[in-house]
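Read the structure below first, then the notes.
The values are calculated or read from the model by the stated rules, or taken from the named source; none is laboratory data. Please read these numbers as outputs of a predicted model, since none were measured by experiment. Cβ sites come from the backbone with ideal geometry, for glycine too, and all protein chains shown count toward neighbours. The accessibility values were calculated without ligands, DNA or RNA, using every heavy atom of the protein model including side chains. Shrake-Rupley method; radii C 1.70, N 1.55, O 1.52, S 1.80 Å.
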Amino acid sequence: MAKVKGLKCRECGRPYPAKPLHVCEFCFGPLEVDYDYSSLQKVVNRKRIEAGPPTMWRYHDLLPIEEDVPVGKHCGMTPLIRARQLAKALGAKEVYIKNDAVCHPSLSFKDRVVAVAVAKAMEFGFEVVSCASTGNLANSVAAHAAEAGLKSFIFVPADLEQGKIVGTLIYGPVLVAVDGNYDEVNRLCSEVADKYGWAFVNINIRPYYAEGSKTFGYEIAEQLGWRAPQHIIVPSAGGSLVTKIWKGLKELHQLEVIPECHTRMHVAQAAGCSPIVTAIRNGTDTIRPVRPDTICKSLAIGNPADGYYAFKTVEESKGYAADASDEEIVAAMKLLATTEGIFTETAGGVTVAAAKRLIETGVIPRDESIVLSITGNGLKTQEVVFNALGPTLSIKPTLRSFDEAIAERPDIGADVVSRSPATPQESLG
Ligand SMILES: *Cc1c(COP(=O)(O)O)cnc(C)c1O
Ligand SMILES: [Zn+2]
């Protein structure tokens, strides 16, 4: 069965062959993978998906890869957990975390898109894979290229967090640190792609790459017992993930895998880079580019490629949007860690802060089911929280030194320290 008919322009609908193409020659609209849904209808069902591997590849039928997958075999099927303590803190009833902070191999949701893109680049016979990245994509492309035995050139803004630089370089790519912001890096990469003919996962391979994000939505529905939640909050940079989660849920509904899909999709961005949130608030689908200024570098795209489609997704699904200041991002990272034991990066802080705002303002009713998209790992952005944590007790290796240190700091754990403990004898008796 040929499940992929080819590519199709999202604007004028013109068909294209399934090649490394991404823009319509006629109207400059973006190209998208065009599936043969009537033949998919005959094969896709819950049983078949459930019998698949415990990775995103259980959704192989709905991804644009023809044969067995050569790379990224361990990617996806990350935990979806009921977050009861966070729910209490947010004043909501039913909150879930979809936790891609632990997505394999590089600890962000970008592994989903890159696994598809690099597999596709191999099908096309490319020898070099490349990307323009705000950090997580860099980690993931470098990792998958190493696994695939391909060369990689990774272009990033020079001011990235150390965790993202180290987490890229370890895989042995050529890292190109550009003195500029992401939007400038991306513009440069379009020229490099044209001149050198490499597989840029988020440029000429973008139609295939973007499909990988659908699995984030598929898994949420499956892990909720084959139902779509009432709300999903999605941290957005280029605006692709939010668009594709929605597409994935609609596909499951169309293929009769889930009975209904009334999910409201909400976009979360950092206040220092919120072109999509601003457009949604203003009710206009014209996205005005901004110059990013935020600690949340992974979402710092001032001119989002899919901003228009993110807007349309929110409009169609009757969702909304919220942004978060740098202080709110840090506070939200700490809130998630202290309530649920999950250490997310700045983008996850944006999601949690946005959830708080959307619940407080009544956009999300307190008794409805809410999924928070946690898309990256906190160990990669340690510098933003480092000075906001503590306290640490520094002592000598003696009980006396410990006793003294506690006595000096009645603010630390006084409730458990001051309680007179039972001696072992008493508790035995
Ligand atoms: C890239 C990224 C996003 C947003 O992805 P888009 O599809 O560009 O909107 C969200 N969270 C993290 C951690 C990311 O790295
Ligand atoms: Zn077109």
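Of the residues GLU404, GLU426, GLU408, which is modelled with pLDDT under 70 and farther than 29 Å from THR344 by Cβ?
GLU426
One line per residue, one yes/no per condition, for (1) away from ligand 2 (no atom under 16 Å from the Cβ); (2) surrounded by fewer than 13 Cβ atoms within 10 Å (Cβ to Cβ); (3) of a type in the set (S, T, N, Q):
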site: CYS9; (1), (2), (3): no, no, no
site: LYS19; (1), (2), (3): no, yes, no
site: ASP34; (1), (2), (3): no, no, no
site: ARG46; (1), (2), (3): yes, no, no
site: PRO64; (1), (2), (3): yes, no, no
site: GLU67; (1), (2), (3): yes, yes, no
site: GLN85; (1), (2), (3): yes, no, yes
site: GLU94; (1), (2), (3): yes, no, no
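Farther than 21 Å from GLY239 by Cβ and of a type outside the set (A, V, I, L, M, F, W, C): which single residue out of LYS195, LYS110 fits that description?
After ruling out the rest, the residue left standing is LYS195.
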Per-region count, the range 36-61, residues outside any helix (DSSP H, G or I) and either touching a residue at least 40 places away in the same chain (Cβ under 8 Å) or not hydroxyl-bearing (Ser, Thr, Tyr) (or both): 7
Can you pull out the residues in the range 393-413 that are part of a helix (DSSP H, G or I) and surrounded by 10 or more Cβ atoms within 10 Å (Cβ to Cβ)? SER401, PHE402, ASP403, GLU404, ALA405, ILE406, GLU408
I want to confirm something. Restricting to the range 223-247 and keeping residues that are assigned to a loop (DSSP other than H, G, I, E, B) and away from ligand 1 (no atom under 16 Å from the Cβ), which single residue is surrounded by the most Cβ atoms within 10 Å (Cβ to Cβ)? ALA228
Restricting attention to the range 97-133, the residues that are more than 15 Å from the chain's Cα centre (by Cα), of a type in the set (S, T, N, Q) and closer than 29 Å to LEU80 by Cβ number exactly 0
Of the residues in the range 96-122, those that are more than 12 Å from ligand 1 (Cβ to nearest atom), outside the structural domain of ASP367 (by TED's automatic domain parsing) and either buried (at least 24 other Cβ atoms within 10 Å of the Cβ) or at pLDDT below 95 (or both) come to ALA115, VAL116, ALA117, VAL118, ALA119, LYS120, ALA121
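Conditions (1) open to solvent by 20 Å² or more (accessible area, probe 1.4 Å); (2) of a type in the set (Val, Ile, Thr); (3) part of a helix (DSSP H, G or I), marked per residue:
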{"residue": "LEU249", "(1), (2), (3)": "no, no, yes"}
{"residue": "VAL257", "(1), (2), (3)": "no, yes, no"}
{"residue": "ILE276", "(1), (2), (3)": "no, yes, yes"}
{"residue": "ASP293", "(1), (2), (3)": "yes, no, no"}
{"residue": "ALA310", "(1), (2), (3)": "no, no, yes"}
Considering only the range 327-355, how many residues are in contact (Cβ under 8 Å) with a residue 60 or more places away in the chain, part of a helix (DSSP H, G or I) and crowded, with 22+ Cβ neighbours inside 10 Å? 11
Hits in the range 134-182 - residues which are of a type outside the set (D, E, K, R), in a helix (DSSP H, G or I) and over 18 Å from the mean Cα position of the chain (by Cα): ALA145, ALA146, ALA148, GLN162, ILE165, VAL166, LEU169
Suppose the filter is within 16 Å of ligand 2 (Cβ to nearest atom) and either in contact with a Cys (Cβ under 8 Å, 6 or more places away or on another chain) or part of a loop (DSSP other than H, G, I, E, B) (or both); does CYS27 pass it? yes
If ALA271 passes every condition in (1) buried (at least 21 other Cβ atoms within 10 Å of the Cβ); (2) in contact with an Asp or Glu (Cβ under 8 Å, 6 or more places away or on another chain); (3) of a type in the set (A, V, I, L, M, F, W, C) but one, which one does it miss? (1)
Has the range 276-297 got at least one residue that is within 11 Å of ligand 1 (Cβ to nearest atom) and over 19 Å from ARG357 (Cβ atoms)? yes
Flagged in the range 20-32 as within 26 Å of the chain's Cα centre (by Cα) and more than 16 Å from ligand 1 (Cβ to nearest atom), in numbering order, are PRO20, LEU21, VAL23, GLY29, LEU31
Please enumerate the residues belonging to the range 267-316 that are basic (Lys, Arg) and under 15 Å from PRO235 (Cα atoms). LYS297
Do we have HIS74 as free of Cβ contacts under 8 Å to residues at least 40 places away in the same chain, part of a helix (DSSP H, G or I) and either away from ligand 1 (no atom under 16 Å from the Cβ) or of a type in the set (Asp, Glu) (or both) here? no
Sort through CYS273, CYS296, CYS261 and tell me the only one that's closer than 23 Å to GLU211 by Cα and hydrophobic (A, V, I, L, M, F, W, C). CYS261
